[in-house]
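See below for the structure under consideration.
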Amino acid sequence: MTYQSSPEFRALCMDIEKAVGRKIQTPYDFDFLVTCLWEHNRCVISTSTLKRLWGYIPSTMSPRRSTLDLLSRFIGYKDWNDYIQDMEKRLEVQSSSFTGKGIHATDLQIGDCIEVTWLPNRRCIFRYLGEHHFIVEYAEHSKLREGDTFDAVMFTVCHPMYIDHLSRDNMPSTSYVAGKKNGLITVRKIQL
């Protein structure tokens with residue numbers, strides 16, 4: 001992984017862009033940032049250095065520690081280490097395992113039907129076709145339509161429903177998420 005793609009460095013770039021109120025993506029933006037850095041810290045980082053840091057021009061060189069310190073000071077931190085320590089404190093955990101009431105595709109037999117609901121007033125019934133593949137048998141107030149097919153691994157209450165390879169008629173397949181904010185409200189196996 002290059003330093004430009006490291007999550008910490010990307011977060012620093014986004015925080016700097018937020019501080020100056022614009023995305024840094026054109027030659028004019030880099031000149032603007034050089035001026036902002038000079039006015040705030042009274043020190044110079046060259047336009048070409050900033051372009052390399054933001055990935056505007058290719059580079060395999062890692063930034064100097066003094067450059068990272070200066071950029072961190074620009075947004076109110078003592079140095080790069082202070083920025084990293086604060087970032088760890090202010091970010092909540094981004095990954096975790098989860099459990100919940102639901103249905104896993106491996107627990108289904110071909111022909112089994114499940115009903116899922118989510119807000120606001122969405123309801124669908126899916127029939128299991130085998131190998132994580134489903135067909136929509138019924139859709140109420142949903143962007144999914146009867147006859148759509150898709151792949152899914154599991155349906156869990158209080159978690160979003162992620163489906164892949166959603167196919168409809170001759171349209172290219174896509175991915176879809178339902179209940180993104182509040183998750184699924186109910187998940188149950190039913191008889192049709």
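Things worth noting here:
- Pairs meeting the criteria (first residue in the stretch 64-80 and without any contact (Cβ under 8 Å) to a residue 60 or more places away in the chain and farther than 12 Å from CYS13 by Cβ, second residue crowded, with 19+ Cβ neighbours inside 10 Å and aromatic (Phe, Trp, Tyr), beta carbons under 7 Å, at least 6 apart or on different chains) are ARG65/TRP80; ASP69/TRP80; TYR77/TYR83.
- Test: LYS51 is part of a helix (DSSP H, G or I), among the basic types (Lys, Arg) and at pLDDT below 90: no
- Unique residue being more than 28 Å from the chain's Cα centre (by Cα) and small (Gly, Ala, Ser) when the list is SER6, SER72, SER46, SER62: SER46
- The stretch 116-151 - residue that is of a type in the set (Asp, Glu) and in contact with a Phe, Trp or Tyr (Cβ under 8 Å, 6 or more places away or on another chain) and, of those, farthest from ASN170 (Cα to Cα): GLU137
- Residue within the stretch 175-182 that is under 30 Å from GLU8 (Cα atoms), outside any loop (DSSP other than H, G, I, E, B) and either assigned by TED's automatic domain parsing to the domain that holds ILE16 or touching a residue at least 24 places away in the same chain (Cβ under 8 Å) (or both) present: yes
- Residue within the stretch 47-57 that is free of Cβ contacts under 8 Å to residues at least 12 places away in the same chain, surrounded by 12 or more Cβ atoms within 10 Å (Cβ to Cβ) and farther than 19 Å from SER6 by Cβ present: yes
- Residue count, the stretch 13-32 (criterion: surrounded by fewer than 17 Cβ atoms within 10 Å (Cβ to Cβ) and of a type in the set (Val, Ile, Thr)): 1
- Close pairs from the stretch 105-127: first among the aromatic types (Phe, Trp, Tyr), partner in a loop (DSSP other than H, G, I, E, B), Cβ under 6 Å, at least 6 apart: TRP118/GLY179
- Scanning the stretch 81-94 for residues that are farther than 17 Å from ARG10 by Cβ and either at pLDDT below 85 or surrounded by 16 or more Cβ atoms within 10 Å (Cβ to Cβ) (or both) yields LYS89, GLU92, VAL93.
Results for (1) surrounded by fewer than 18 Cβ atoms within 10 Å (Cβ to Cβ); (2) of a type in the set (S, T, N, Q), shown as yes or no for each residue.
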residue	(1), (2)
TRP118	no, no
TYR128	no, no
ILE135	yes, no
PHE155	no, no
CYS158	yes, no
LEU166	no, no
VAL177	yes, no
LYS181	yes, no
THR186	yes, yes
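The values are calculated or read from the model by the stated rules, or taken from the named source; none is laboratory data. Remember, predicted model here, so these are calculated numbers, not experimental data. Note that we place each Cβ from the backbone using ideal geometry, even for glycine, and neighbour counts take in every protein chain shown.
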